[in-house]
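The values are calculated or read from the model by the stated rules, or taken from the named source; none is laboratory data. Quick caveat, the model's predicted, so the values are computed rather than measured. Using ideal geometry, Cβ is built from the backbone for each residue, glycine included, and neighbour counts are taken over all protein chains shown.
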Amino acid sequence: MLSKNHPIILFINRNDFSVYQDTLANIPKFNFTPDLVVNLDVINKEQFTSLITTFIQINKIVGSSLAVILSDEVIYVKDLANPQKPTPDQDLKVDSNGNKEYKDEVQDFLANIPFEEVLAKVIKTGNVNRIVAVNKDLVTAIINAFVGKGSTIEAITPSFMYGQNANFTAGLTENNVRVILENAETLRLGNLLTDQEKMIPSQNLESELENQPAGVKPELDNGAKKPQSLRQYILVGVFVTLLVILAVVYLNLGASQTSPKSSKVKNTSATVNEVNAIPTVIPTSMQKLITTVPVDLKTINIKISHNALSSEITANLRSGLSAIGFQNVLDEVSEDSVPEKSSVVFSQNIPADVREIAIVEIKKILPDISILENQDSDFTINILIGKS
């Protein structure tokens, strides 16, 4: 199924995704931040895809055939009841494996998934028929960035299909990649892109059937469209809960600030030991500086990628970073397309205090930047200047 020419394996977890390709020195990881993804729901799809495009450019991932593996943490799964002998008037559906399943059980399951659109399929594993679903927006936002860079999506498959042959609790490892590449048939059997299930809202089912000619079933679209009302109810419930929490916090603050006058009079006979017993509060930023092993800024390599129109911005960045102690600051004109938003990518070994120093200086020139991290073990900061 996958091309032998540098195939890509993409593993989507709850808080990140990892990418394997034989052209890469390691397995880079893209972390989800709260401004992009919350509880598997994409907050800003356009910006999310744009940052993934930048991630592909920085890691020099070559366009090829792409297989997506879904962690158990991002999918919704239910084992379906064993098929029973149907009566003539029952509305049954035959899945790709030739097993008759009650459509109501599948549709009830899809109706309770908290996303507007899902990819869903009935998969047979052993003697069990299992319905699997995933948030369509999350998966397509990631895939679209790779497709935009020349890749072709071949399969989207849940990780449980590999059973004990692969252990995905440690993420995407070399051993897991080997198992995936050696089992093309597993990718095909678990591929959510084929034989998609469709959820028809109950309130529209009768009218939809009435509009069809006798003996004709409604056509099923790819993906499962969720009713808008469910999402609205969830949002309203969250909003009311936040209001209640805010009211409780406000009342507690008011009670703590309104104390008897006698409590404001300090006892002048307090002993030295009592004064010393007061704990010293150290700000979080200071704690980071105290606990972090110091790193000489001269050992940090900074690379600025830009187009010809950003030469002045690049010069100002290089000058500012050199002035605060970074000596290895290089720049290059990138031939890739310019991303919408500027970004800074830190190697995983760059300490927190060095990151803060660099970010403060960079934001003087580029106020609106995205902060990313790759899995490189060196001490490198990559700055990619975008259109904004």
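Side notes on the structure shown:
- Where strands (runs of 3 or more DSSP E) sit wholly within the range 111-162, those with at least 2 residues that are in contact with an Asp or Glu (Cβ under 6 Å, 6 or more places away or on another chain) occupy 117-125, 128-135.
- Residues in the range 29-58 that are over 16 Å from Ile143 (Cα atoms) and in a loop (DSSP other than H, G, I, E, B): Thr33, Pro34, Asp35, Asn39, Ile43.
- Answer from Phe239, Phe326 - the residue that is surrounded by 11 or more Cβ atoms within 10 Å (Cβ to Cβ), modelled with pLDDT of 50 or more and aromatic (Phe, Trp, Tyr): Phe326
- The residues of the range 308-351 that are in a loop (DSSP other than H, G, I, E, B) and within 23 Å of Gln375 (Cβ to Cβ), listed by number, are Phe326, Ser334, Asp336, Pro339, Lys341, Gln348, Asn349, Ile350, Pro351.
- Tally of residues being of a type in the set (S, T, N, Q) and closer than 22 Å to Asp108 by Cα across the range 128-158: 2
- Scan of the range 29-51 for residues that are of a type in the set (A, V, I, L, M) and crowded, with 16+ Cβ neighbours inside 10 Å, ordered by number: Leu36, Val37, Leu40, Val42, Leu51
- Test: residue in the range 69-84 that is in contact with a strand residue (DSSP E or B) (Cβ under 9 Å, 6 or more places away or on another chain), at pLDDT below 95 and of a type in the set (Lys, Arg): yes
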